[in-house]
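Participant: Let me begin by handing over the structure; questions about it come next.
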Amino acid sequence: MIAALRALIRYRALVQSLVSRELKARYRGSVLGFLWSFVNPLLLLLTYTLVFTVILPNRQPDIQPFFLFLFCGILPWTWFQASLGESSGVIITSGNLIKKVLFPAEVLPTVAVLANLAHFLLGLPILLAFLAVKGRLAWTALLLPLPILVQLVLSLGLALLLSALTVHFRDIQSILTHVLHLWFFATPVIYSYAAMPEGSLLRRALRLNPMTHVIVTYQQMLFHGNVDHWRGLFLALLVGVVAFAAGAFLFDRLRDTLAEEV
Amino acid sequence: MTAPAIVAHDVTKVYRRHAHRHQFRTLKSALLTGSVLSDLRPEETFTALDGVSFEVPRGATFGVVGENGSGKSTLLKLVAGITRPTRGLLSVEGRISALIELGAGFHPEISGRENVVINGVMLGLTRREVERRFDEIVDFAELREFVDAPVKTYSSGMYMRLGFAVAIHVDPDVLLIDEVLAVGDEAFTRKCLDKIAEFRRRGKTILFVTHSLGLVEKMCDDALWLRHGKAAFRGDPKRVVDTYLTYVATGEEAQLRSRAGLAETSEAPRPDGVGGEPSPGSGYRRGRWGSREVEIRAVRLLDGRGRERHVFVSGETVTLVLSVHAARPVTDFVFGVGLFAADGTSVYGTNTEIEGFSPRRLEGDAEVRLTLDGLSLVEGTYLVDLAAHRRDGTPYDYLRGLHSLRVKSRIRDFGLYRPAHRWSFAGGAGITPPEPRGELEIGDDHDA
């Protein structure tokens with residue numbers, strides 16, 4: 001794992017160039033261009049707000065105004081989901097690089113995660129602005145780097161794992177869409193974790209999901225303005241470190257097979 | 001002597017034959033042993049390279065020739081570190097740049113400028129190093145005015161030129177080249193060759209995989225012929241090329257023989273990768289075409305004593321013998337012969353029409369001989385075009401570059417043609433004439 005980290009640091013110039021290329025290339029040719037990084041989360045928010053305030057109104061008192069609560073969870077979730085979704089196919093789509101150039105393959109999933117982190121960070125000011133307008137911006141927002149770091153470690157680990165495995169089992173890409181969909185609903189993004197009865201089966205099940213703790217921490221720091229979910233976040237960090245170690249190990253083991261199987 | 005730049009010892013590469021079967025088994029073995037192969041039965045694998053050993057000294061240019069599928073590209077990928085040998089040892093000293101696929105990793109949506117930077121970083125430069133070499137790269141690629149356009153708007157030639165320019169400016173210690181000189185027009189190909197020659201002068205190590213045998217002879221210090229994944233012959237490039245050409249010619253003759261009488265077949269161009277294929281970009285393409293109303297059924301090259309040979313000493317008499325056949329009588333026919341250097345440059349061409357022969361009638365089997373008295377060419381491999389066609393040029397049977405001959409010489413002069421000449425000195429020129437040397441003798445066999 002240390003070796004994997006060191007490799008990523010060694011390739012930081014490459015990672016940096018590729019991330020900035022990813023950001024530049026994504027919206028190249030579109031009318032709004034770079035503005036899409038801001039428009040995207042807004043449109044997503046609009047959809048969900050429409051669903052949960054008009055069609056299926058959510059009236060849980062502790063999470064009103066609901067659209068703001070939703071925003072706090074959906075922004076980091078989008079980062080997570082896009083990271084995994086993109087990294088699972090990234091080695092296959094960049095097969096040319098792996099096969100024809102001496103190219104450190106682990107850079108590819110890393111770039112997928114980091115490029116989406118950049119999108120997340122670009123969306124964050126919009127969220128903060130909304131919070132400020134609603135008078136909800138609290139000092140706890142300064143603690144945001146902590147859940148971001150935890151989520152980064154977790155995402156990187158899973159991205160390494162998925163990207164290497166997908167080369168051997170292309171099925172993963174198809175399954176993953178559905179797994180991420182389910183995972184979304186199994187994470188308290190569109191409902192409140194705190195409102196679940198203490199000790200209920202559902203709540204205990206949700207506790208097993210590391211993303212629950214990450215998202216709840218975001219919601220506490222941004223929406224509620226007080227943080228007490230430290231134990232959960234620490235747990236998520238442990239899961240993240242284990243995932244990273246496993247991902248790095250597996251990736252290393254499969255590394256030599258990647259160029260041949262792609 | 002310093003340590004060699006590339007050492008390959010008993011290098012073997014085994015691939016799995018069926019992709020996407022036994023996924024769980026191969027994944028399990030990959031996880032346990034780092035290789036997908038250990039649980040596969042022999043019939044599920046394919047040995048692309050089989051116990052190949054060689055060393056390339058620092059500063060040497062090493063050529064690898066062989067037919068398609070002989071393992072050349074696999075070897076190159078192994079040396080580049082893209083894949084690892086299944087067995088054996090392979091070590092390379094210094095920074096490697098592999099010209100395997102030019103512009104791999106270019107992103108179509110972003111500009112040439114940004115792609116140059118990213119590609120350079122991918123190939124191991126720092127951002128600052130790329131920026132310092134940026135102008136040089138763009139000038140080399142001759143893309144100054146397009147550098148800010150997205151790469152997707154480039155023609156394939158521009159794309160390749162940019163790819164070549166970046167890869168060559170990485171300033172590697174070891175340069176790997178895989179048949180990538182088809183990067184543009186003749187002028188650019190020449191520029192690439194000049195750049196490669198500059199690398200040689202600066203003492204860089206080059207590993208060169210190509211079908212262009214002329215280049216191997218011209219540029220390499222040492223060569224290897226791979227046949228079915230095994231090292232078939234290794235040594236002096238000229239000898240390697242000769243041996244390889246003889247092997248190919250034998251196979252070609254067998255093919256031509258098997259084709260005789262089947263006039264309607266073999267219309268398709270021959271697979272590339274055999275014989276003295278000229279360097280690409282020259283517009284010279286090997287092949288055979290025509291209506292076959294007159295068919296060239298066999299071609300022989302004879303020396304002054306009427307023996308069939310493929311290798312001649314410069315200045316020897318060479319006779320080309322064409323066995324032709326016209327199934328139905330024709331009255332409009334011309335026989336032509338062309339001689340080309342390995343890079344596609346025309347050395348000489350003539351036909352019976354140009355020289356004023358008037359066709360009367362051709363029917364059944366016939367033999368056409370062209371005797372070249374004293375073929376004074378410099379050393380090298382030459383391709384032969386043979387044709388039977390109408391006076392208006394409509395081909396009956398056109399064999400382009402399917403036959404070749406080697407010319408050997410004691411003197412390492414250059415160019416194409418050696419005029420009869422002598423040196424004389426007068427006045428204050430103190431100069432010792434060369435030792436008289438015996439004539440080169442070439443026996444009945446093809447190899448010298």
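The values are calculated or read from the model by the stated rules, or taken from the named source; none is laboratory data. Everything numeric in this text was worked out from a predicted model, so none of it was measured. As a convention, Cβ positions derive from the backbone with ideal geometry for all residues, glycine included, and neighbour counts pool all protein chains shown.
Participant: In the list A:212, A:187, which residue meets the criterion of being over 28 Å from residue A:92 (Cβ atoms), in contact with a Ser or Thr (Cβ under 6 Å, 6 or more places away or on another chain), surrounded by 14 or more Cβ atoms within 10 Å (Cβ to Cβ) and among the β-branched types (Val, Ile, Thr)?
Facilitator: None of the others qualify; the one that does is A:212.
Participant: In region B:125-135, how many are more than 8 Å from chain A (Cβ to nearest Cβ) and either surrounded by fewer than 17 Cβ atoms within 10 Å (Cβ to Cβ) or in contact (Cβ under 8 Å) with a residue 60 or more places away in the chain (or both)?
Facilitator: Adding up the residues that qualify gives 5.
Participant: Something else about it: Looking at this structure, is residue A:219 buried (at least 21 other Cβ atoms within 10 Å of the Cβ), of a type outside the set (Asp, Glu) and assigned to a helix (DSSP H, G or I)?
Facilitator: yes
Participant: Out of (1) in contact with a helix residue (DSSP H, G or I) (Cβ under 7 Å, 6 or more places away or on another chain); (2) part of a loop (DSSP other than H, G, I, E, B); (3) not hydroxyl-bearing (Ser, Thr, Tyr), the odd one out for residue A:180 is which?
Facilitator: It fails just one condition, (2).
Participant: In region A:97-124, how many are over 17 Å from the mean Cα position of the chain (by Cα) and assigned to a helix (DSSP H, G or I)? Outline the logic, then answer.
Facilitator: If we filter region A:97-124 for residues that are over 17 Å from the mean Cα position of the chain (by Cα), which is where we start, we get A:97-107.
The next check asks that each one be assigned to a helix (DSSP H, G or I); those that pass are A:97-100, A:107.
Number satisfying all stated conditions: 5.
Participant: Still on this structure: Please determine, by comparing only the residues of region B:284-332 that are in a loop (DSSP other than H, G, I, E, B) and of a type in the set (Gly, Ala, Ser), which one is nearest to residue B:410 (Cα to Cα).
Facilitator: Here the residue is B:314.
Participant: Restricting the first residue to region A:11-32 and requiring it to be under 15 Å from residue B:115 (Cα atoms) and within 7 Å of another protein chain (Cβ to nearest Cβ), which pairs with a second residue that is among the β-branched types (Val, Ile, Thr) and part of a loop (DSSP other than H, G, I, E, B) meet a Cβ separation below 9 Å and a spacing of at least six or different chains?
Facilitator: A:13/B:126; A:21/B:110; A:24/B:110; A:25/B:110; A:28/B:110
Participant: Take the conditions closer than 28 Å to residue A:213 by Cα and either small (Gly, Ala, Ser) or out of contact with any helix residue (DSSP H, G or I) (no Cβ under 6 Å at 6 or more places or on another chain) (or both) and apply them to residue A:89. Does it pass?
Facilitator: yes
Participant: Exactly one condition in (1) more than 9 Å from chain A (Cβ to nearest Cβ); (2) under 30 Å from residue A:27 (Cα atoms); (3) not in a loop (DSSP other than H, G, I, E, B) is not met by residue B:106; state its number.
Facilitator: (3)
Participant: Further question on the same structure: Which is within 14 Å of chain B (Cβ to nearest Cβ), under 22 Å from residue A:115 (Cα atoms), buried (at least 16 other Cβ atoms within 10 Å of the Cβ) and within 18 Å of the chain's Cα centre (by Cα), of A:161, A:176?
Facilitator: One residue alone meets the criteria, A:161.
Participant: Could you grab me the full set of residues in region B:78-89 that are basic (Lys, Arg) and either more than 10 Å from chain A (Cβ to nearest Cβ) or within 17 Å of residue B:227 (Cα to Cα) (or both)?
Facilitator: The answer is B:87, and nothing else.
Participant: What's the number of the only condition in (1) within 14 Å of chain B (Cβ to nearest Cβ); (2) acidic (Asp, Glu); (3) closer than 27 Å to residue A:48 by Cβ that residue A:228 fails to meet?
Facilitator: The failed condition is (1).
Participant: I would also like to ask the following. Which number in (1) farther than 18 Å from residue B:141 by Cβ; (2) outside any loop (DSSP other than H, G, I, E, B) marks the one condition that residue B:97 misses?
Facilitator: In the conditions (1) farther than 18 Å from residue B:141 by Cβ; (2) outside any loop (DSSP other than H, G, I, E, B), residue B:97 misses (1) alone.
Participant: Are any of the residues in region B:140-158 buried (at least 22 other Cβ atoms within 10 Å of the Cβ) and either farther than 17 Å from residue B:195 by Cβ or within 11 Å of another protein chain (Cβ to nearest Cβ) (or both)?
Facilitator: The answer is yes; a qualifying residue exists.
Residue-by-condition table, conditions (1) surrounded by 22 or more Cβ atoms within 10 Å (Cβ to Cβ); (2) closer than 16 Å to residue A:21 by Cα; (3) at pLDDT below 85:
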site	(1), (2), (3)
B:77	yes, no, no
B:80	no, no, no
B:88	no, no, no
B:98	yes, no, yes
B:116	yes, yes, no
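Participant: Hey, can you tell me all the residues within region A:71-85 that are under 15 Å from residue A:165 (Cβ atoms) and either surrounded by fewer than 21 Cβ atoms within 10 Å (Cβ to Cβ) or free of Cβ contacts under 8 Å to residues at least 40 places away in the same chain (or both)?
Facilitator: Pass one, region A:71-85, residues under 15 Å from residue A:165 (Cβ atoms): A:84-85.
Residue satisfying the conditions is A:85 alone.
Participant: Looking at region A:223-244, is at least one residue farther than 22 Å from residue A:75 by Cβ, touching a Gly at 6+ places or on another chain (Cβ under 9 Å) and among the aromatic types (Phe, Trp, Tyr)?
Facilitator: Yes, region A:223-244 contains at least one residue that is farther than 22 Å from residue A:75 by Cβ, touching a Gly at 6+ places or on another chain (Cβ under 9 Å) and among the aromatic types (Phe, Trp, Tyr).
Participant: Would you be able to tell me the number of residues in region A:240-258 that are away from every other protein chain (no Cβ under 14 Å) and either under 12 Å from residue A:109 (Cβ atoms) or buried (at least 20 other Cβ atoms within 10 Å of the Cβ) (or both)?
Facilitator: Total meeting the criteria: 3.
Participant: If you don't mind, there's one more thing I want to ask. Kindly indicate which of B:170, B:166, B:138 is touching a residue at least 24 places away in the same chain (Cβ under 8 Å) and not in a helix (DSSP H, G or I).
Facilitator: B:170
Participant: Output the number of residues of region B:112-124 satisfying the condition of being touching a helix residue (DSSP H, G or I) at 6+ places or on another chain (Cβ under 7 Å) and within 10 Å of another protein chain (Cβ to nearest Cβ).
Facilitator: Taking region B:112-124 first, the residues touching a helix residue (DSSP H, G or I) at 6+ places or on another chain (Cβ under 7 Å) are B:112, B:114-123.
After this cut, where a residue has to be within 10 Å of another protein chain (Cβ to nearest Cβ) as well, the list is B:114-115, B:117-123.
Selection size over region B:112-124: 9.
Participant: Restricting the search to region A:89-140, which residues are free of Cβ contacts under 8 Å to residues at least 24 places away in the same chain and either within 14 Å of chain B (Cβ to nearest Cβ) or under 25 Å from residue B:96 (Cα atoms) (or both)?
Facilitator: Residues satisfying the conditions are A:93, A:94, A:96, A:97, A:100, A:101, A:102, A:103.
Participant: Residues in region B:56-65: is at least one aliphatic (A, V, I, L, M), within 13 Å of another protein chain (Cβ to nearest Cβ) and not in a helix (DSSP H, G or I)?
Facilitator: No; the residues of region B:56-65 include none that is aliphatic (A, V, I, L, M), within 13 Å of another protein chain (Cβ to nearest Cβ) and not in a helix (DSSP H, G or I).
To keep it simple, each residue is scored yes or no on (1) of a type in the set (D, E, K, R); (2) over 29 Å from the mean Cα position of the chain (by Cα); (3) within 27 Å of residue A:34 (Cβ to Cβ); (4) at pLDDT below 90.
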{"position": "B:109", "(1), (2), (3), (4)": "yes, yes, yes, yes"}
{"position": "B:148", "(1), (2), (3), (4)": "yes, yes, yes, no"}
{"position": "B:155", "(1), (2), (3), (4)": "no, no, no, yes"}
{"position": "B:164", "(1), (2), (3), (4)": "no, no, no, yes"}
{"position": "B:187", "(1), (2), (3), (4)": "no, no, no, yes"}
